[in-house]
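Report on one structure; see the data block that follows.
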Amino acid sequence: MAAEKCLLVYIGDRLTLKIICSPSHLGYLLLGYFYSEGVIASPDEIVRIDISADGRRADIQLREGSDSELAWPRVEQVLSAASANKWLWVTRREKGRELRPLPRHEWQMQEVFALADEFHHAEVYVSAHSRSVHSCTLSVCGVERYFCEDIGRHNALDKVIGMALMGGVDLSNTVAYTSGRVPVDMAVKAIRSRIPVLISKSLPSAEAVEMAKKYNLTMICAAQPHNVLVFADGA
């Protein structure tokens, strides 16, 4: 049975965000979230993230003078594990870091099959035995792997993004594999984070496919160890 908790996120002394999530890798979750939502342009804009011993509170210190110092939400927002991120930031970037088309990325079918095999045959993804959480893997240049689980598919993606950012990884050299379906906001997270290939064992929404084609995101879904459906090829 999966655990969940409500994480209260403070910037300074102000409650900024409430997020329902699994209680692991919370620092990575917040770093990845702030980056994939365009609140910060670089991990360096966050000086530190402190998580309380009970995992119910996070205190974030932003670098003095960064654009994100002005990025206060108009209202507190509770993000459920399955929700998109609908809240607004008041920032010089207005709607977060601007989306830009991704450069062409030469992906390899062998890498896609290898990731699918990890999920389906090696039972890496936990839904094989608990059916209660999502998982996400980030492959770097086809070799290094970052892996995280969460009750929310958005959270799992943010966690591996945060892990990679902390490791100094260039996200333009990565491939993400998610166990969940791909709505439009998941595609936006990948595009904004400059992840060129997003793979899912499930299916995308029509809007997500449209977004992928508009911004050159390669989107591969219904991924099995020997069979995939390519919805957008990054061209």
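Structure notes:
- In this simple spin-label model, placing a label point 7 Å from the Cα along the Cα-to-Cβ direction at both ARG104 and LEU8 gives a separation of 5.3 nm.
- By accessible area, using a 1.4 Å probe on protein heavy atoms only, region 163-233 has 52% of its surface on carbon and sulfur.
- Backbone N atoms of region 185-201 closer than 19 Å to the 7 Å Cα→Cβ label point of ALA222 belong to residues 198-201.
- Listed residue pairs exceeding 26 Å between alpha carbons, taken from LYS189/LYS213; LYS18/LYS214; LYS5/LYS159; LYS159/LYS201; LYS18/LYS189: LYS18/LYS214
- Using the 1.4 Å probe convention, the accessible area of region 1-52 works out to 42 Å² per residue with neighbouring protein chains retained.
- Cβ-Cβ distance of LYS213 and MET1, R₀ of 35 Å, FRET efficiency by 1/(1 + (r/R0)^6): the value works out to about 0.35.
The values are calculated or read from the model by the stated rules, or taken from the named source; none is laboratory data. Keep in mind that this is a model prediction, so the values were computed, not measured. Backbone-built Cβ (ideal geometry, glycine too); neighbour counts: all protein chains shown. Accessible surface is based on the protein model in full, side chains and every heavy atom, while ligands, DNA and RNA are left aside. Shrake-Rupley method; radii C 1.70, N 1.55, O 1.52, S 1.80 Å.
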